[in-house]
1. Answer yes if at least one residue in the range 52-59 is in contact with a Lys or Arg (Cβ under 7 Å, 6 or more places away or on another chain), in a helix (DSSP H, G or I), open to solvent by less than 60 Å² (accessible area, probe 1.4 Å) and acidic (Asp, Glu), and no otherwise.
2. Answer yes or no: is there a residue in the range 172-179 that is within 19 Å of His310 (Cβ to Cβ) and in contact with an Asp or Glu (Cβ under 6 Å, 6 or more places away or on another chain).
3. Which one is most open to solvent (accessible area, probe 1.4 Å), of the residues in the range 18-40 that are assigned to a helix (DSSP H, G or I) and in contact (Cβ under 8 Å) with a residue 12 or more places away in the chain?
4. Report every pair of residues separated by at least 6 positions or lying on different chains whose Cβ atoms are under 6 Å apart, first residue within the range 270-284 and acidic (Asp, Glu), second at pLDDT below 90.
5. Can you name the residue in the range 257-308 that is in contact with a Ser or Thr (Cβ under 8 Å, 6 or more places away or on another chain) and open to solvent by 80 Å² or more (accessible area, probe 1.4 Å) and is also farthest from Val229 (Cα to Cα) among such residues?
6. When the range 192-212 is examined, which residues are found to be of a type in the set (A, V, I, L, M, F, W, C) and modelled with pLDDT of 95 or more?
Amino acid sequence: HKRIAACISALEAACEANVKASTNKASLQLRALGWTPRQVEEHIRKSKRRHSEESGVSLAYLLSSEFLALAQDRSGKEDPTFYDLKDAFFFGGRALGAACLCPRDGKPGCALVDTISHKHRGRCTHFLSWTWGYKLSIIRDALGHWHDVSGEDCAEEVFLFMCFFVNNQYRILHGEKTGAEDLEEVFEKNLARIGKVLALLDTWDNPRYLTRIWTIFEQVISIKLNVPVTMVLPREASQGLLDEIEQGKEGIMRVKNSLTRVDSASAEAFAPEDEAAVKNLINRLFGFHHVDEKIIQFMIKWIGLVMETHMKNLVSNVKVLRISRTVTTSDMSPVGSTAAVNFNSGCPLSPCSSSAVVNQTITGVDLDVDLGSAFGTPLPPAAGLCRSPARSLARSSPSPRSSYSVFVSSL
């Protein structure tokens, strides 16, 4: 039994990686242990189907220059929406995966996730709730921002259930089935299996997300199943939300009013038949008013969490950045100068009372601050100042006669 189990495990791994030689080797081993050719083939078919249905696209691939170039080349647009990519990817003579047999039903035309490299697909870790009306830049910016601040695994180990990639669009877009077919059973099963949701909003100010019936449905089922939902915004929209909150009661009420305009009965979908099917299901299971109330409560709770987190950061994470510059004179005697700059930071360095080595990394620093002006003269370009967070602020001595030290302390 142990030998059979080991061979089955090897066969499934080979099927997932789509390595023919390894698949044949494991198949022969199972046959030597008494499996019939039919049993082996049936297990291969089921394994490939399961891997296809449960695989997601990697965050690393979505953020890669490879996917960006593919999307721009196919669509002919600098910043296409996923509606633009729908036609570019799934219709015409260059349709991706059109000639490939689908591991799920054995027919020509497979899901996009089945066409990408093995390293860019894997068992889903997060369900992405979003809409095809978003531009590619919105998706990439919001997901990149979430990954930067979330502390999640590396982007190569985050795999998203993203309907554009995971659903077989040849069956849906070419009219063989609707996107809402077996919706309740399939969606709840996938959501329960994955266990985490990322809800991607384009903005906090009248987000498109709350006008689409699919995303409203995904939210309410997440609430029903008690699946954790993380709200995700692009960088500029995220900062805009915090700026609005800092306006006080008036700003907070603007945020609340914007994010609680929910009317599921009036929400729309790209395909009229999908819209009708989802609305019928919502009305049968919950009722539109109940759905609206649930989502409004969730949004209010999220706004409160954003406010609480932001206030805590303002109170506890204000640091002092001190930069010490030592200039050596011609007679080698040091002349020192020190400047301090306040900033709000998620800096991982422990507060210290002495200078740290120059090449330590400081994250969350507002690098638009002109640190050199604290000394009255700009820092030389060779000091290695970066404009991107999570990079070294100062990496090396700019010259044999000058050196810079960086350290952080609490106010």
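The values are calculated or read from the model by the stated rules, or taken from the named source; none is laboratory data. Bear in mind the structure is a predicted one, so any value in this text is a computation, not a measurement. Using ideal geometry, Cβ is built from the backbone for each residue, glycine included, and neighbour counts are taken over all protein chains shown. Just the protein is used for accessible areas: all its heavy atoms, side chains included, with ligands, DNA and RNA removed. Shrake-Rupley method; radii C 1.70, N 1.55, O 1.52, S 1.80 Å.
1. Scanning the range 52-59 turns up at least one residue that is in contact with a Lys or Arg (Cβ under 7 Å, 6 or more places away or on another chain), in a helix (DSSP H, G or I), open to solvent by less than 60 Å² (accessible area, probe 1.4 Å) and acidic (Asp, Glu).
2. no
3. Lys25
4. So the pair list comes out as Glu273/Thr178; Asp274/Thr178; Asp274/Gly179; Asp274/Ala180.
5. Top of the filtered list is Glu273.
6. Ile194, Val197, Leu198, Ala199, Leu200, Leu201, Trp204, Leu210
Yes/no matrix, rows are residues, columns are (1) farther than 21 Å from His118 by Cα; (2) aliphatic (A, V, I, L, M):
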position	(1), (2)
Ile4	yes, yes
Ala13	no, yes
Leu30	yes, yes
Gly34	yes, no
Val40	yes, yes
Val57	no, yes
Asp79	yes, no
Asp84	yes, no
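Yes/no matrix, rows are residues, columns are (1) under 24 Å from Arg284 (Cα atoms); (2) buried (at least 18 other Cβ atoms within 10 Å of the Cβ):
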| residue | (1), (2) |
| --- | --- |
| Glu176 | no, no |
| Val186 | yes, no |
| Arg212 | yes, yes |
| Ile216 | yes, yes |
| Lys224 | yes, no |
| Pro234 | no, yes |
| Gln239 | no, no |
| Asp243 | no, no |
| Gln247 | no, no |
